[in-house]
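Inspection log for the structure reproduced underneath, given as structure tokens.
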Amino acid sequence: MARFTDKVIVVTGASEGIGRALCIALAPQKPRLVLAARNEGRLHELRKEVEGRGARALIVPTDVTSEEACKKLVTRAIEEWGCLDVLVNNAGASMWTRFEDVTDTSIFEKIMRLNYLGSVYCTYYALPYLKKTSGLIVAVSSVAGITGVPTRSGYAASKHALFGFFDSLRIELEGTGVDVTIIAPDFVLSEIHRRSLGHDGKPLGKSPMQEGKIMTAEKCASLIVRAMENRERMLLTSTRAKLGRWVRMFSPRLIDLVAKKAVREGK
């Protein structure tokens, strides 16, 4: 039997990108998926796809910036399936502008509420049920959660917050049977880049990335599935990220230059 057969897995941000690819990658293991995102139409399309691959699926339209919506998400999962085995905190948004060019400072609050507080809310309501199943919490952060990235200051701040919160929570949960896995992807091909907020707080509408030169969401999802199966502490999805984590301790200036180059070249 596969590791996630019949397991109840909640995935936020499931309608696009990494979240969508992760649900599709998990489906052949025949889990019970709870698909959460704001775009209900895309969730219905995803349900058909994952059910065609062997999963059972429940759609719960959810805006994770609302604490009440996060509570409802967990409640619906329990009402439908009776338990909860895995929570994947994946919903998120980005920005792409220099701080000094920002004309709408509300983007910082918007990103923090979505990327950080949404994960806190979902985890808060899911934790009592995860303790009953010795479950797993997955937090999709970013390499930007480990090091600063120019033009993405608000995004990096929110992803740093995820590391601080879930590293702390992991220690608190020692001995409960609940594990925490933090995912730190490098650049991944997804809608998040087109939807990144610009200086005026509006979506860019086009990707600033060289999309043919960055990891696909499907490849990233396959790495995440493996990390989930092994209940790994942290997953870095690129060699650049793995090397950078250690080089930063000895030559932080070099990592600043690498980050600057990556954004400039869009890869």
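Points to keep in mind about this one:
- Estimated from the Cβ-Cβ distance and a Förster radius of 25 angstrom, the FRET efficiency linking TYR124 and GLU80 is about 0.80.
- Label point 7 Å beyond Cα of LEU169 along Cβ direction - residues of the stretch 12-34 with amide nitrogen under 18 Å: 12-14, 19, 34
- For VAL8, the residues 5 or more places off, or on other chains, whose built amide H falls under 5 Å of its own are ARG32, ASP85, VAL86.
- The string of couplings for the stretch 120-128 from the Karplus curve (6.51, -1.76, 1.60, θ = phi - 60°) is 4, 4, 4, 5, 4, 7, 7, 4, x Hz, one whole number per residue in order, with x for Gly and Pro.
- Restricting the stretch 61-103 to trypsin sites (Lys or Arg not before Pro) in coil, as DSSP defines it, with at most 10 other Cβ within 10 Å: none
- Reachable aspartates and glutamates from LYS72, criterion Cα separation under 14 angstrom, eight or more residues apart if same chain: ASP63, GLU80
- Projecting label points 7 angstrom from Cα along Cα→Cβ for ASP200 and ARG264 puts them 2.8 nm apart.
- Nonlocal amide H pairs with VAL138, under 5 Å, H built at 1.01 Å: LEU87, VAL88, ASN89, THR181
- For the stretch 1-19 and the stretch 97-120, distance of Cα centres in Å: 27
- Highest-first arrangement of 25-38, 6-19, 103-116, where packing means the average Cβ count within 10 Å: 6-19, 25-38, 103-116
- Gyration tensor (alpha-carbon) shape descriptor, the stretch 20-117, a/c threshold 1.5: prolate
FYI, it's all coordinate maths here, none of it is from the lab. Just so we're clear, the structure is a prediction, and the values are computed from it rather than from any experiment. Ideal geometry is used to build each Cβ from the backbone, glycine not excepted, and the neighbour counts take in all protein chains shown.
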